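Take a look at the structure below.
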Amino acid sequence: MKDIQQLFPSVDGNALQREELVSYINTILSKVDELKDPSKLTLGEMPDYTEDFYNRIIKQAQIPQNGLSMEKTVEKLLDLVKGHRYVNQNYVANAAPLPNIASIIGNLVMVLVNGNNLWDVEGPAAATAEIEITSMLSKIIGYDSSISTGYTTWGGQGAVFNSLRLAIARHAPESNKTGVPKNLYCFCSELSHYSLYKSVEATGIGIDNMIRVGINDDHSMNLDDLKEKMEDVIASGGVPLYVLATMGTTDTFGIDDLAGIKRITEVLEQKHQLDPIYIHADSAMGGMYTFFNDYDFTENPLKLEEQVCTVLQDYQEKFQSINLADSMVFDFHKLGQTPYITSLFLIKDKEYLRYVDLDASETPYVGNRGYGSYHTSYTLECSRMGSAMAIYASLLAFGMEGYQELLANYIRVNIAFREKLQKQIPNVSVTNEISPITTFRFYPEASKWNEELRESVSLEEVVEINQFNDEFAEIIGVERDTIFFGNTKKQRLLKTANSSQRIPIYAHKFFTISPYSTIEEVDRYVGFLKQHMDLFMKTYEQTFV
Ligand SMILES: *Cc1c(COP(=O)(O)O)cnc(C)c1O
């Protein structure tokens with residue numbers, strides 16, 4: 001057993017075993033640093049992803065008969081990292097975070113004591129951290145922290161699922177025993193994340209009972225359409241159960257009008273004697289902007305530029321009413337720059353958990369004791385990673401102002417990018433509101449975005465423009481090691497001049513997520529696009545003229 005004990009940290013805190021662990025960590029940090037190159041997106045060389053790449057791995061995979069040395073094990077791990085994308089200034093594709101140092105350390109502390117967030121007796125550190133961040137963040141968004149509750153869960157998608165589970169159980173407490181009633185309906189914007197789609201599937205409500213609501217030009221939910229569709233459901237005997245209010249759509253950062261949604265649900269509840277309709281704010285993308293809810297734009301202590309303030313003030317107005325939602329989510333592993341998975345599901349009133357909590361007789365091994373007072377028997381997970389610790393560390397190290405600086409910079413860089421892009425490239429249009437994301441669309445000739453919006457371009461031409469953008473995405477995608485732009489095949493749906501069928505609009509995406517994506521980089525981003533567009537136009541014209 002002595003040999004096997006060597007594979008573990010010490011129990012007595014001796015320096016020798018500590019130094020050994022530190023030396024491996026040091027090796028890993030140094031080797032990863034050696035692979036970094038600010039002019040590239042990847043750490044070292046990308047592996048050759050031949051068609052049989054994963055097949056070869058499947059064939060040769062085998063657990064070694066005798067364990068490898070730690071040095072060899074570290075070496076093998078570092079092999080995996082080679083060619084990995086690294087979220088430096090060249091990454092402008094999606095909401096992928098670069099975990100900040102505090103969050104890495106927070107994670108490490110959690111791993112070292114390996115607390116189980118299921119029960120405070122088994123994981124006191126994570127339990128306390130979870131309670132503390134729940135209160136901190138409740139105060140930011142305007143939930144009463146003495147009645148709100150929350151827990152970390154499996155992502156923004158997990159938060160949607162958990163909220164739907166609460167909505168069902170609150171509406172039909174018997175459904176835990178008898179199954180989900182047949183006539184329940186959920187509503188979401190047609191640009192909402194597919195989280196709800198999966199959740200209605202998995203809860204048994206069924207996709208047919210998920211009603212997609214149309215959008216406004218700013219990519220927020222159209223409330224007239226919501227009201228009409230809810231009325232239709234009621235008229236045909238259905239029960240409106242749940243509305244998903246997206247606060248920052250995944251591609252375009254559209255923000256639904258939560259106060260407006262709440263007004264509609266209240267009116268309908270009164271008029272038709274309905275149970276309260278559950279509202280979940282899907283703030284996975286935008287939730288971090290609640291950090292500006294109390295920012296004083298007159299004093300402007302961070303001396304943010306006027307244009308940046310204009311956007312943030314608009315957010316302040318919209319996120320002010322997020323506390324009307326029954327629940328919301330903070331996805332720190334998006335704009336909050338922490339490792340996966342660090343998502344806090346926040347619930348306005350802890351009473352809601354009563355409907356989904358297990359009876360003590362169902363949990364004979366944990367919780368059911370005089371010692372320990374925090375047992376999360378209401379989560380869908382049993383054992384839970386204490387990811388609250390990474391969030392906690394991050395909140396402490398950044399503070400309100402640190403996060404405000406980070407979040408304001410995303411906006412600042414996007415404003416500069418939009419201006420430069422439209423100045424430098426004639427055949428482009430920016431197709432969403434100013435936000436941490438810029439969506440843009442290229443045209444074979446002059447931009448037709450305004451005509452497309454007015455639905456006066458022919459189906460054939462819109463399809464051709466989509467194709468044009470698709471091909472360009474492939475071309476710049478090959479060079480993603482230089483700068484990696486994102487793209488989407490459904491920024492939104494639009495009708496065309498000669499068809500009532502709505503078709504998806506393709507667009508490119510600029511998503512500044514790295515703290516290293518600063519205003520100084522904007523020339524390089526636009527230069528890259530311009531250079532490739534010039535080349536692309538040449539081949540395009542040769543092919544089509
Ligand atoms: C990313 C995203 C989700 C899913 O979040 P995960 O943390 O990836 O599970 C849900 N909703 C919206 C709006 C998102 O942008």
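The values are calculated or read from the model by the stated rules, or taken from the named source; none is laboratory data. Only a predicted model underlies this, so the values are computations on that prediction, with no experimental measurement involved. We place every Cβ from the backbone using ideal geometry, glycine too, and count neighbours over all the protein chains shown.
Hey, could you check region 305-332 for residues that are more than 25 Å from Ile133 (Cα to Cα) and crowded, with 17+ Cβ neighbours inside 10 Å and say which is nearest to the ligand (Cβ to nearest atom)?
Among those residues, the one meeting the criterion is Val311.
Among the residues in region 285-301, are any surrounded by 14 or more Cβ atoms within 10 Å (Cβ to Cβ), farther than 25 Å from Val92 by Cα and within 16 Å of the ligand (Cβ to nearest atom)?
No, because not a single residue in region 285-301 is surrounded by 14 or more Cβ atoms within 10 Å (Cβ to Cβ), farther than 25 Å from Val92 by Cα and within 16 Å of the ligand (Cβ to nearest atom).
Can you name every residue in region 133-192 that is out of contact with any Ser or Thr (no Cβ under 9 Å at 6 or more places or on another chain), within 16 Å of the ligand (Cβ to nearest atom) and charged (D, E, K, R)?
Glu190
Considering every residue within region 135-145, establish whether at least one is buried (at least 23 other Cβ atoms within 10 Å of the Cβ) and not in a helix (DSSP H, G or I).
Yes, the conditions are met somewhere in region 135-145.
May I ask you to say which residue of Val121, Val109 is at pLDDT below 95, surrounded by 16 or more Cβ atoms within 10 Å (Cβ to Cβ) and either of a type in the set (Val, Ile, Thr) or touching a Phe, Trp or Tyr at 6+ places or on another chain (Cβ under 6 Å) (or both)?
Numbers: Val109 fails: at pLDDT below 95.
Going through Val121, Val109 in turn, just one is at pLDDT below 95, surrounded by 16 or more Cβ atoms within 10 Å (Cβ to Cβ) and either of a type in the set (Val, Ile, Thr) or touching a Phe, Trp or Tyr at 6+ places or on another chain (Cβ under 6 Å) (or both): Val121.
Name the residues in region 244-283 that are acidic (Asp, Glu) and either more than 27 Å from the chain's Cα centre (by Cα) or closer than 23 Å to Tyr143 by Cα (or both), would you? Show your work before the answer.
In the first step, residues of region 244-283 are kept if they are acidic (Asp, Glu); the result is 251, 256-257, 266, 269, 275, 282.
Listed by number, the residues that qualify are Asp256, Asp257, Glu266, Glu269, Asp275, Asp282.
With the condition kept exactly as written, say whether any residue in region 397-405 is under 21 Å from the mean Cα position of the chain (by Cα), under 22 Å from Asp251 (Cβ atoms) and buried (at least 18 other Cβ atoms within 10 Å of the Cβ).
Within region 397-405, none of the residues are under 21 Å from the mean Cα position of the chain (by Cα), under 22 Å from Asp251 (Cβ atoms) and buried (at least 18 other Cβ atoms within 10 Å of the Cβ).
Do we have any residue at all in region 434-444 that's among the small types (Gly, Ala, Ser), touching a strand residue (DSSP E or B) at 6+ places or on another chain (Cβ under 8 Å), assigned to a loop (DSSP other than H, G, I, E, B) and surrounded by 15 or more Cβ atoms within 10 Å (Cβ to Cβ)?
Quick first cut of region 434-444, residues among the small types (Gly, Ala, Ser) only: 435.
Now narrow it down to the ones that are touching a strand residue (DSSP E or B) at 6+ places or on another chain (Cβ under 8 Å): none.
Scanning region 434-444 turns up no residue that is among the small types (Gly, Ala, Ser), touching a strand residue (DSSP E or B) at 6+ places or on another chain (Cβ under 8 Å), assigned to a loop (DSSP other than H, G, I, E, B) and surrounded by 15 or more Cβ atoms within 10 Å (Cβ to Cβ).
Give the number of residues within region 463-509 that are within 20 Å of Glu190 (Cα to Cα) and either of a type outside the set (Lys, Arg) or part of a loop (DSSP other than H, G, I, E, B) (or both).
Going through region 463-509, the residues within 20 Å of Glu190 (Cα to Cα) turn out to be 466, 487-496, 499-509.
Now narrow it down to the ones that are either of a type outside the set (Lys, Arg) or part of a loop (DSSP other than H, G, I, E, B) (or both): 466, 487-494, 496, 499-501, 503-508.
The number of residues fulfilling the criteria is 19.
Among the listed residues Ser30, Ser23, Ser10, identify the single one that is of a type in the set (Ser, Thr, Tyr) and assigned to a loop (DSSP other than H, G, I, E, B). Don't jump to the end; show me each part of the working.
Details: Ser30 fails: assigned to a loop (DSSP other than H, G, I, E, B); Ser23 fails: assigned to a loop (DSSP other than H, G, I, E, B).
Checking each option against the conditions leaves just Ser10.
Restricting to region 207-237, what's the tally of residues that are part of a loop (DSSP other than H, G, I, E, B) and within 24 Å of Pro504 (Cα to Cα)?
Let us first name the residues in region 207-237 that are part of a loop (DSSP other than H, G, I, E, B), namely 214, 216-220, 222, 236-237.
Add one more test, that the residue is within 24 Å of Pro504 (Cα to Cα), and what stays is 214, 216-220, 222.
Residues in region 207-237 being part of a loop (DSSP other than H, G, I, E, B) and within 24 Å of Pro504 (Cα to Cα): 7 in total.
Looking at (1) small (Gly, Ala, Ser); (2) farther than 23 Å from Ala281 by Cβ; (3) part of a strand (DSSP E or B), which is the one condition that is false for Gly150?
(2)
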